[in-house]
Amino acid sequence: MSPWAWLALAGAAEVAWSQSIRPTEGFTRLGPTVLCVVLALAAIYPLTRAMQGLPVGTAYVVFTGIGGLGAVALGVALAGDPLTLARAAGVALVVAGVATLRAAGG
């Protein structure tokens, strides 16, 4: 698998992990806490594989960008988080940054 494919997989796991944090209720609920830890590990492993072929900074910025974008999107779609003009502009800047890093290559 290419480093960019590993990075996309890591980003998807990061999005899932971000959504698993709140149900732990401060890590006081065992089941959700175990799921949260498993998803965190599921995000880190493909990130390490991506970093074998990409600069660390590029891989990490894209990874956190995917996670942040996914968290915002799911928050708006599922949790009723507001989508203000300022938030949309911030998301657009993250997308532009990730696209720029991808275009710059490894």
Index of the failed condition, Trp17 passing every other in (1) surrounded by fewer than 15 Cβ atoms within 10 Å (Cβ to Cβ); (2) under 17 Å from the mean Cα position of the chain (by Cα): (1)
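Listed here are the residues, each with its yes/no results for (1) modelled with pLDDT of 95 or more; (2) under 30 Å from Ala103 (Cβ atoms); (3) small (Gly, Ala, Ser); (4) over 15 Å from the mean Cα position of the chain (by Cα).
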{"residue": "Ala8", "(1), (2), (3), (4)": "yes, yes, yes, no"}
{"residue": "Ala12", "(1), (2), (3), (4)": "yes, yes, yes, no"}
{"residue": "Arg29", "(1), (2), (3), (4)": "yes, no, no, yes"}
{"residue": "Thr33", "(1), (2), (3), (4)": "yes, no, no, yes"}
{"residue": "Cys36", "(1), (2), (3), (4)": "yes, no, no, no"}
{"residue": "Tyr45", "(1), (2), (3), (4)": "yes, yes, no, no"}
{"residue": "Ala73", "(1), (2), (3), (4)": "no, yes, yes, no"}
{"residue": "Ala77", "(1), (2), (3), (4)": "no, yes, yes, yes"}
{"residue": "Arg87", "(1), (2), (3), (4)": "no, yes, no, yes"}
Pro23 being assigned to a helix (DSSP H, G or I), modelled with pLDDT of 95 or more and surrounded by 16 or more Cβ atoms within 10 Å (Cβ to Cβ): no
Which numbered condition Ala89 fails, given (1) in contact (Cβ under 8 Å) with a residue 24 or more places away in the chain; (2) part of a helix (DSSP H, G or I); (3) of a type in the set (A, V, I, L, M): (1)
Residue in the stretch 61-71 that is hydroxyl-bearing (Ser, Thr, Tyr) and part of a helix (DSSP H, G or I) present: yes
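Which residue is farthest from Ala77 (Cα to Cα), if the candidates are limited to the stretch 7-46 and must be of a type outside the set (A, V, I, L, M, F, W, C) and touching a Ser or Thr at 6+ places or on another chain (Cβ under 8 Å)? Can you show your working first?
We begin by selecting, within the stretch 7-46, every residue of a type outside the set (A, V, I, L, M, F, W, C); these are 11, 14, 18-20, 22-26, 28-29, 31-33, 45-46.
From what's left, touching a Ser or Thr at 6+ places or on another chain (Cβ under 8 Å): 14, 24, 32-33.
Details: Glu14: 17, Thr24: 21, Pro32: 21, Thr33: 23 Å.
Among them, the one singled out is Thr33.
The values are calculated or read from the model by the stated rules, or taken from the named source; none is laboratory data. No experiment lies behind these values; they were computed from the predicted model shown. All Cβ positions, even for glycine, are placed from backbone atoms using ideal geometry, and neighbour counts span all protein chains on display.
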